[in-house]
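These notes concern the structure reproduced below.
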Amino acid sequence: MNQFTHDTFFHGRISLKQPSYGYRFSVDAVILGNLAGVKPGERVLDLGTGCGVIPLIMCYRQPEIGRIFGVEIQPELAETAVFNAQENRMHHLITILEKDLKSMTPADTGGTVDAVVCNPPHFAPNSGRINPDSQKAVARHEIAVTLSDLTAAASRMLAPGGQMIVIYPSKRLADLLGAMRKEHIEPKHLRMIHPAPGAEAQRVLVHGTRGKPPGIKVAPPLYVRRNARDYSDELEAMFAP
């Protein structure tokens, strides 16, 4: 059984239980939770929710959100996500489903959703070293779910005109765009994420819309840090209460 830490962010306004040695959330989740840009009243699905950090951030930033469903295949993480929603008094907005997203249908969420968010595994199954910790391995490599599985699930779950918002390694951008288009989710907005000014992009944030015609806008870059020690002003704002 895993040991856990209890962490806080937004100056203590959100508390988060997460595994001490298993999969722990990264700044990617903070960026996605802040920049998903869903509208008031919209229903959202987080594919591979882990400890539920993205739903927590989205509910904190947008308390007028409709409802957020988080799906997680790993039982211990799903249980932790349920605990976190209850601990932060957001269980009336967040529903956690312990389920394989490959078998999801709109019946699981009481109908289609308006937006799907996802911070998916970054590595193809046969690339790089597989982490010996099973939670980290499933979160980082396409072991339990592939990129194609994710985009297929998003397409099934989205209402026409619904959005898929993904943060992903920039070196796999072509794979992501191809997988989205295959499922009729047209990439519409792209933003490159750089560790610091002058450094190559390592992540990309992509917004796609189901059933829309081609045409993509590229936003100005996002810098995580201004120097080796300090977050950029934009990232600082994402952690601010």
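The numbers here are math on the coordinates, done by the rules we state, and not lab data. All figures in this text were calculated on a predicted structure; none of them were measured in a lab. Cβ sites come from the backbone with ideal geometry, for glycine too, and all protein chains shown count toward neighbours.
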Where in region 172-195 is the amide nitrogen less than 18 Å from a point lying 7 Å along the Cα-to-Cβ axis of Lys39? 186, 188-189
So who's got an amide H within less than 5 Å of the one on Ile14, skipping anything under 5 residues away but keeping other chains? H placed 1.01 Å off N, in plane. Phe9
Each residue of region 202-213 in order: what ³J(HN,Hα) in whole Hz does its phi give by Karplus 6.51 cos²θ - 1.76 cosθ + 1.60, θ = phi - 60°, with x for Gly and Pro? 10, 10, 9, 10, 10, 9, x, 10, 6, x, 9, x
What fraction of the DSSP beta bridges in region 23-106 is antiparallel, stated in percent and rounded to the nearest 5? 0 percent
Cross-link list Lys182/Lys212; Lys182/Lys217; Lys39/Lys102; Lys102/Lys188; Lys171/Lys217; Lys39/Lys212: which exceed 22 angstrom alpha carbon to alpha carbon? Lys39/Lys102; Lys102/Lys188
Looking at the calculated P(r) for region 4-239, what percent of the C-alpha pair distances fall above 34 Å? 8 percent
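Determine the sum of side-chain charges near Asp114: Lys and Arg each +1, Asp and Glu each -1, restricted to other residues whose C-beta is under 9 angstrom from that of Asp114.
Local charge sum for Asp114: +1.
What percent do you get for the relative contact order of the chain when only Cα pairs under 8 Å and 6+ apart count?
Relative contact order for the chain comes out at 16 percent.
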Using a Förster radius of 25 Å, what is the FRET efficiency between Ala107 and Arg181 based on their Cβ-Cβ separation? Nearest 0.05, please. 0.40
Based on DSSP, what percent of beta bridges with both residues in region 4-239 are antiparallel, to the nearest 5? 50 percent
With +1 on the Cβ of every Lys and Arg and -1 on the Cβ of every Asp and Glu, and nothing else charged, how large is the dipole of the chain about its Cα centre, in debye rounded to the nearest 20? 540 debye
Let me see the pair-distance distribution of region 182-241: every alpha carbon pair, 5 Å bin width, integer percents in order. 4, 17, 20, 19, 14, 11, 9, 4, 1
Obtain the nm distance between the two label points defined at Lys217 and Gln202 by a simple spin-label model: each point lies 7 Å from its Cα along the Cα-to-C-beta direction. 2.8 nm
Under 17 Å from a label point 7 Å along Cα→Cβ of His91: give me every residue in region 17-31 with its amide N that close. 17
